[in-house]
Structure formats: C-alpha cells, structure tokens
1. Please specify each residue of the range 169-191 satisfying the condition of being of a type outside the set (Lys, Arg), loosely packed, with under 13 Cβ neighbours inside 10 Å and either outside any strand (DSSP E or B) or modelled with pLDDT under 90 (or both).
2. Residues in the range 42-49: is at least one under 20 Å from the mean Cα position of the chain (by Cα), outside any loop (DSSP other than H, G, I, E, B) and touching a residue at least 40 places away in the same chain (Cβ under 8 Å)?
3. Within the group Lys26, Lys47, Lys7, which residue is of a type in the set (Lys, Arg) and surrounded by 16 or more Cβ atoms within 10 Å (Cβ to Cβ)?
4. Only one of these conditions is not met by Leu56: (1) touching a residue at least 60 places away in the same chain (Cβ under 8 Å); (2) under 22 Å from Asn167 (Cβ atoms). Which number is it?
5. Determine which member of the set Glu149, Glu163 is touching a residue at least 12 places away in the same chain (Cβ under 8 Å) and closer than 18 Å to Pro2 by Cα.
6. Restricting the range 29-41 to residues that are without any contact (Cβ under 8 Å) to a residue 12 or more places away in the chain and in contact with a helix residue (DSSP H, G or I) (Cβ under 8 Å, 6 or more places away or on another chain), which is surrounded by the most Cβ atoms within 10 Å (Cβ to Cβ)?
7. Of the residues Gly71, Gly83, which single one is assigned to a helix (DSSP H, G or I) and in contact with a Phe, Trp or Tyr (Cβ under 8 Å, 6 or more places away or on another chain)?
Amino acid sequence: MPTARVKGTLLQALVESVQACLDNGKISSEELEVQVSAEALGLLEEKLQIIQWYPLEPYRELLDALWNLDGERRRSYMLRFGGDAAARLLEADTYRSFVDSAHGGGDRSLASLLKRTRVTVRLTDMLYDFVHVSVEHDEQRDRLQLLYESTEPFSEAMALATEGFLNQFTRSSVGSSLEGRMLEWQMERPSRHQLVYSLQLEPLLGEH
C-alpha cells in the first residue's frame, strides 16, 4: 500500500507552530520527544519545500502532539489551527489561481456555491495524495456535504483542523457571516474510512 503523503505547505505551517511553542516555552523539548518519532523531530531542523510531498505519519505525530501539549485537546484549538492554515494558504502565491476562482463576487446562488466548493475539492487533492473528496447537495436536509473517503490515516486532530480549514476558506469566499450567523461546517465520522462535513444552506442562500 502506498505511503500516505501531505504537501509541504501544510507541514511547514505546522512545523512553524510547533517551533513557536518551543521557543516561547509553551511546550518543552522533553515533552515533545516523548510523543513523536525521531523522524518527526528531524522536520523541525529541515528546510521544507512547500510544493514537495512528505510522509503523512510525522505530520500527524506533530499535529497530535501540538494538540495534546499546547491545545490540551480542546476542539476550539484545532478549529483555530485549521483556520490559520487556510488563511496562510489563501495568501500564498502558489495557490493564487485556486483562491481567486473560489470567490463568488456576491453571487449567492446554489450553482455558484457548488462551484466554489469544488475548488476546495481540487485544493484537497493538491494537499493530500490519499484522500478522495466529493460534493453532494442533500436536498432533503437542505445542506451541502463534502464526503472525504479513505480517511483511515486521519487522526481526530486532523479531522478537526480540516473543519477549521473549511470554515475559513468558505468565509473568505462568501463572507465571514450572513444575517448574523457564522458559516460553519459540521464534521461527522460515520466510520474510520469516511469523514462528512456538512454546511447548512439556509440562511446562506436564502430562497433557492
């Protein structure tokens, strides 16, 4: 089975966060060494390339350790981490064409939202080489769903960070809030193999 990989742009953001916690004393080297492998520790000294693929396991170890040691396993911590990662990516020239194509120019139609959501699918393909993502419109429940398949390698921290990433990416393309309500994807994990992120369409689209 091929080794799951993550793109350097995500790994770099994580390494910088871990290093910042080490530098300001929020976590100690001794604490970190207990929770991660030598390979993961080595990434803190490596010059990372944002467009290069890296093995997922060291990334997952570092993310889980960051959540355990600095985040104290708070859900809000990983949501914020994922949002910060999305904000960083939105500013990167490497993904500029994808970011620009996600902006709807004030168009709140379902067709426009589906188009923008498919941008996140293509972006996910660029960040993970093992996940399969599809978009569905659940008409009965009036919500949009992103179905992540082959997510066995995703830890809980990764799943929550993805939720935060989607929140920030959607808010950047649609607006931070509508009618006093924040735009938030809701994550469910029906099985180890699948993650489902749902976004309620009302009041996002109004009548549609």
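1. Ser176, Ser177, Glu179, Gly180, Met182
2. no
3. Lys7
4. (2)
5. When all the criteria are applied, what remains is Glu149.
6. Quick first cut of the range 29-41, residues without any contact (Cβ under 8 Å) to a residue 12 or more places away in the chain only: 29-30, 33-34, 38, 41.
Next, only the ones that are in contact with a helix residue (DSSP H, G or I) (Cβ under 8 Å, 6 or more places away or on another chain) stay: 29, 33, 41.
Values: Ser29: 10, Glu33: 13, Leu41: 16.
Among residues in the range 29-41 that are without any contact (Cβ under 8 Å) to a residue 12 or more places away in the chain and in contact with a helix residue (DSSP H, G or I) (Cβ under 8 Å, 6 or more places away or on another chain), the one surrounded by the most Cβ atoms within 10 Å (Cβ to Cβ) is Leu41.
7. Gly83
Listed here are the residues, each with its yes/no results for (1) in the same structural domain as Arg122 (by TED's automatic domain parsing); (2) in contact with a Pro (Cβ under 7 Å, 6 or more places away or on another chain); (3) at pLDDT 90 or above.
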position	(1), (2), (3)
Glu39	no, yes, yes
Gly42	no, no, yes
Leu48	no, no, yes
Trp53	no, no, yes
Gly83	yes, no, yes
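The values are calculated or read from the model by the stated rules, or taken from the named source; none is laboratory data. Nothing here was measured: the structure is a model prediction, and the numbers come from that model. Cβ: placed from backbone, ideal geometry, glycine included. Neighbour counts: every protein chain shown.
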